[in-house]
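The values are calculated or read from the model by the stated rules, or taken from the named source; none is laboratory data. Small disclaimer: the values here were computed from a predicted structure and weren't measured. Note that each Cβ is placed from the backbone with ideal geometry, even for glycine, and that neighbours are counted across all protein chains shown.
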Amino acid sequence: DAGVIQSPRHEVTEMGQEVTLRCKPISGHNSLFWYRQTMMRGLELLIYFNNNVPIDDSGMPEDRFSAKMPNASFSTLKIQPSEPRDSAVYFCASSLHLSGNTIYFGEGSWLTVV
Amino acid sequence: AQTVTQSQPEMSVQEAETVTLSCTYDTSESDYYLFWYKQPPSRQMILVIRQEAYKQQNATENRFSVNFQKAAKSFSLKISDSQLGDAAMYFCAYRSRDDKIIFGKGTRLHILP
């Protein structure tokens with residue numbers, strides 16, 4: 001049974017470039033979460049979706065960040081333009097939409113902006 | 001807004017000994033769920049244990065158990081018979097009724113051989 005699949009696993013990009021991170025949730029899961037992990041700030045919730053609809057995007061740092069979920073099996077997190085301070089590990093996670101259910105994480109996308 | 005606090009940035013324990021990691025949270029909700037996740041050097045997030053707030057009985061998974069004190073809003077993780085493979089970052093997490101999941105900043109656990 002496939003878990004949450006993220007791509008790319010690693011990306012190095014130059015400042016100012018557009019970055020798109022991709023996520024395929026576990027089949028049947030209807031909640032999807034994007035997190036960012038840094039040493040300084042830990043695991044931050046950026047945005048989460050229920051049934052493809054964004055519910056809370058208050059964690060999105062600024063307008064340079066955007067997230068979409070066009071269907072139940074795919075989501076993207078886009079940074080445009082990227083900056084060095086965006087360097088982090090970005091995790092996608094999914095679960096069934098009931099508060100007690102466990103969330104399952106992908107392996108993360110390591111982003112370095114130089 | 002809910003918050004999760006892990007007051008111990010790092011801890012060390014001798015192999016085969018027992019260690020307890022602390023977690024406190026703040027919420028006005030009465031029904032919620034709490035989790036402990038482990039993150040080894042590979043960065044993969046692995047569920048360790050899960051607790052339902054309406055259950056008084058503390059959750060247990062093999063060598064891992066929790067001490068859930070709802071009134072005190074405390075949710076500590078006890079690891080018994082520590083093993084080298086337990087070395088990792090441990091995160092406490094709170095899941096609210098509106099599906100939001102908040103993590104603490106983590107505790108890095110070192111296992112001393």
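Restricting attention to the stretch A:43-78, report how many residues are part of a strand (DSSP E or B), more than 24 Å from residue B:4 (Cα to Cα) and out of contact with any Phe, Trp or Tyr (no Cβ under 8 Å at 6 or more places or on another chain). I'd like the intermediate steps shown before the answer.
As a first pass, look at the stretch A:43-78 and keep what is part of a strand (DSSP E or B): A:43-50, A:53-56, A:65-71, A:74-78.
From the residues that got through so far, the ones that are more than 24 Å from residue B:4 (Cα to Cα) too are A:53, A:65-71, A:74-78.
Narrowing the set further to residues that are out of contact with any Phe, Trp or Tyr (no Cβ under 8 Å at 6 or more places or on another chain) leaves A:53, A:65-66, A:68, A:70-71, A:74, A:76.
Of the residues in that region, 8 qualify.
From A:84, A:25, A:8, which residue is over 16 Å from residue B:98 (Cα atoms), touching a residue at least 60 places away in the same chain (Cβ under 8 Å) and surrounded by 17 or more Cβ atoms within 10 Å (Cβ to Cβ)? Please lay out each step first, then the result.
Numbers: A:84 fails: surrounded by 17 or more Cβ atoms within 10 Å (Cβ to Cβ); A:8 fails: surrounded by 17 or more Cβ atoms within 10 Å (Cβ to Cβ).
The conditions single out A:25.
Among the residues examined, residue A:81 qualifies as modelled with pLDDT of 95 or more, more than 8 Å from chain B (Cβ to nearest Cβ) and not in a strand (DSSP E or B).
Scanning the stretch A:87-100 for residues that are out of contact with any Leu (no Cβ under 9 Å at 6 or more places or on another chain) and in contact (Cβ under 8 Å) with a residue 12 or more places away in the chain returns A:96, A:97.
Of all residue pairs spaced 6 or more apart or on separate chains, those with beta-carbon atoms under 8 Å, a first member in the stretch B:98-113 that is more than 14 Å from every other protein chain (Cβ to nearest Cβ) and a second member that is among the β-branched types (Val, Ile, Thr) and buried (at least 21 other Cβ atoms within 10 Å of the Cβ) are B:109/B:79.
Can you report the number of residues in the stretch B:69-93 which are under 10 Å from the mean Cα position of the chain (by Cα) and either assigned to a loop (DSSP other than H, G, I, E, B) or aromatic (Phe, Trp, Tyr) (or both)? The total comes to 3.
Taken across the stretch A:107-114, residues that are more than 22 Å from residue B:98 (Cα to Cα), touching a helix residue (DSSP H, G or I) at 6+ places or on another chain (Cβ under 6 Å), surrounded by 16 or more Cβ atoms within 10 Å (Cβ to Cβ) and modelled with pLDDT of 95 or more do occur, with at least one present. When we screen A:54, A:70 for residues that are over 15 Å from residue A:22 (Cβ atoms) and either touching a helix residue (DSSP H, G or I) at 6+ places or on another chain (Cβ under 9 Å) or surrounded by fewer than 19 Cβ atoms within 10 Å (Cβ to Cβ) (or both), the only hit is A:54. Among the residues of the stretch B:1-39, the one identified as under 17 Å from residue A:103 (Cα atoms) and assigned to a loop (DSSP other than H, G, I, E, B) is B:32. Selection of the stretch B:40-66 for residues being more than 14 Å from chain A (Cβ to nearest Cβ) and part of a strand (DSSP E or B) yields B:60, B:64, B:65, B:66.
Quick grid of which residues meet (1) under 23 Å from residue A:56 (Cβ atoms); (2) touching a strand residue (DSSP E or B) at 6+ places or on another chain (Cβ under 6 Å); (3) small (Gly, Ala, Ser); (4) in contact (Cβ under 8 Å) with a residue 40 or more places away in the chain:
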{"site": "B:6", "(1), (2), (3), (4)": "yes, yes, no, yes"}
{"site": "B:16", "(1), (2), (3), (4)": "no, no, yes, yes"}
{"site": "B:28", "(1), (2), (3), (4)": "yes, no, yes, no"}
{"site": "B:31", "(1), (2), (3), (4)": "yes, no, no, yes"}
{"site": "B:39", "(1), (2), (3), (4)": "no, yes, no, yes"}
{"site": "B:57", "(1), (2), (3), (4)": "no, no, no, no"}
{"site": "B:60", "(1), (2), (3), (4)": "no, no, no, no"}
{"site": "B:70", "(1), (2), (3), (4)": "no, no, no, no"}
